[in-house]
Amino acid sequence: ATGDWVNSTTTAPDGTYSVPGLPPTDVRVRFDPCGGPYVEQWYSGAPFFDSSTPIILGDGEVRTGIDAQLLTGITISGRVTDTNGAPIAGINVSVNPETSGSGAWAVTDGNGDYTTNGVGPGHYRVNFYEPVPAPTWATQFWNNQPTWNQATILTVTDADAPTLPGIDAVMSRAAT
């Protein structure tokens, strides 16, 4: 099961949060770092929805103490350029677990550089794509592979901490 989204919020500078408007039912809480070196997790410390702890809310109930201590993961970094070596800004970089678990993502900056949020040790496919209806750049996977099934698997280990650099891409123009 993957659940159904109900509501979200952002933590305050001191790490506190409040999520209004939740229905009186079984809810699951996902802590998504949205950048930085941390690894996504579910309450209470679970890596997946299916293993997360349900919170059963009653009508009008206010629940406190749904806390998390996010683990520091390994960030992935690199540079995206065109075939002439010019940097490409605005390319989404998606780090997808080979089978299941949490991934990471980033967007290239004006220099074509990116650094994802953290991931745990594991095997991943890294996808580079332009998130627009008519892309200028052809979608590709790390190591210049064209499809998910042909993607080179990136193995991340504890020895790569805190950052695994050099996961670069050279992108070609999209067919029109």
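The values are calculated or read from the model by the stated rules, or taken from the named source; none is laboratory data. Small disclaimer: the values here were computed from a predicted structure and weren't measured. Please note: Cβ atoms are built from the backbone with ideal geometry, for glycine as well, and neighbour counts cover all protein chains shown. Protein only, heavy atoms only, side chains kept; ligands, DNA and RNA dropped before computing areas. Shrake-Rupley method; radii C 1.70, N 1.55, O 1.52, S 1.80 Å.
Can you confirm whether Val95 is under 24 Å from Arg30 (Cβ atoms), within 14 Å of the chain's Cα centre (by Cα) and crowded, with 16+ Cβ neighbours inside 10 Å?
yes
Pick from the range 104-116 the residues that are assigned to a loop (DSSP other than H, G, I, E, B) and in contact (Cβ under 8 Å) with a residue 24 or more places away in the chain: which of them is surrounded by the most Cβ atoms within 10 Å (Cβ to Cβ)? Explain how you work it out, then say what you get.
First pass over the range 104-116, keeping only residues assigned to a loop (DSSP other than H, G, I, E, B): 108-112, 116.
Next cut, in contact (Cβ under 8 Å) with a residue 24 or more places away in the chain only: 108, 111-112, 116.
Values: Thr108: 22, Asn111: 12, Gly112: 21, Thr116: 27.
The selected residue is Thr116.
Sort out which residues of the range 13-39 are in contact with an Asp or Glu (Cβ under 8 Å, 6 or more places away or on another chain) and either of a type in the set (A, V, I, L, M, F, W, C) or open to solvent by 40 Å² or more (accessible area, probe 1.4 Å) (or both), and write them in order of number.
Filtering the range 13-39 for residues in contact with an Asp or Glu (Cβ under 8 Å, 6 or more places away or on another chain) gives 24, 30-33.
Of everything in the range 13-39, those that are in contact with an Asp or Glu (Cβ under 8 Å, 6 or more places away or on another chain) and either of a type in the set (A, V, I, L, M, F, W, C) or open to solvent by 40 Å² or more (accessible area, probe 1.4 Å) (or both) turn out to be Pro24, Arg30, Phe31, Asp32.
Quick check on my filter: what residues within the range 135-160 are open to solvent by 60 Å² or more (accessible area, probe 1.4 Å) and not β-branched (Val, Ile, Thr)?
Asn143, Asn144, Pro146, Trp148, Asn149, Gln150, Asp158, Ala159 - these are the residues of the range 135-160 that are open to solvent by 60 Å² or more (accessible area, probe 1.4 Å) and not β-branched (Val, Ile, Thr).
If we scan the range 46-61, do we find a residue that is outside any loop (DSSP other than H, G, I, E, B), open to solvent by 60 Å² or more (accessible area, probe 1.4 Å), modelled with pLDDT under 90 and out of contact with any Gly (no Cβ under 6 Å at 6 or more places or on another chain)? Spell out how you get there, then give the answer.
Kept after step one, since they are outside any loop (DSSP other than H, G, I, E, B), are these residues of the range 46-61: 46, 49-51, 55-56.
Restricting the remaining residues to those that are open to solvent by 60 Å² or more (accessible area, probe 1.4 Å) gives 50-51, 56.
So of that shortlist, the ones also modelled with pLDDT under 90 come out as 50-51.
Remaining after also requiring out of contact with any Gly (no Cβ under 6 Å at 6 or more places or on another chain): 50-51.
Yes, the range 46-61 has at least one match.
Does Ile74 fit the bill of being within 28 Å of Tyr17 (Cα to Cα), in contact with a strand residue (DSSP E or B) (Cβ under 7 Å, 6 or more places away or on another chain) and either in contact (Cβ under 8 Å) with a residue 12 or more places away in the chain or not charged (D, E, K, R) (or both)?
Working: within 28 Å of Tyr17 (Cα to Cα): yes; in contact with a strand residue (DSSP E or B) (Cβ under 7 Å, 6 or more places away or on another chain): yes; either in contact (Cβ under 8 Å) with a residue 12 or more places away in the chain or not charged (D, E, K, R) (or both): yes.
Against the criterion (within 28 Å of Tyr17 (Cα to Cα), in contact with a strand residue (DSSP E or B) (Cβ under 7 Å, 6 or more places away or on another chain) and either in contact (Cβ under 8 Å) with a residue 12 or more places away in the chain or not charged (D, E, K, R) (or both)), Ile74 qualifies.
Please verify whether the range 81-92 includes one or more residues that are outside any loop (DSSP other than H, G, I, E, B), hydroxyl-bearing (Ser, Thr, Tyr), open to solvent by less than 30 Å² (accessible area, probe 1.4 Å) and on the phi < 0 side of the Ramachandran plot.
Kept after step one, since they are outside any loop (DSSP other than H, G, I, E, B), are these residues of the range 81-92: 81-82, 87, 92.
Next, from what is left, pick out any that are hydroxyl-bearing (Ser, Thr, Tyr): 81.
Among the residues that remain, those that are also open to solvent by less than 30 Å² (accessible area, probe 1.4 Å) are: 81.
Then keep just the ones that are on the phi < 0 side of the Ramachandran plot; that gives 81.
Yes.
Given the options Val119, Val132, Val126, name the one that is buried (at least 19 other Cβ atoms within 10 Å of the Cβ) and at pLDDT below 95.
Details: Val132 fails: buried (at least 19 other Cβ atoms within 10 Å of the Cβ); Val126 fails: at pLDDT below 95.
Sole residue among the options that is buried (at least 19 other Cβ atoms within 10 Å of the Cβ) and at pLDDT below 95: Val119.
Test each condition in (1) at pLDDT below 95; (2) open to solvent by 30 Å² or more (accessible area, probe 1.4 Å); (3) over 13 Å from the mean Cα position of the chain (by Cα) for Ile66 and report the one that comes out false.
(2)
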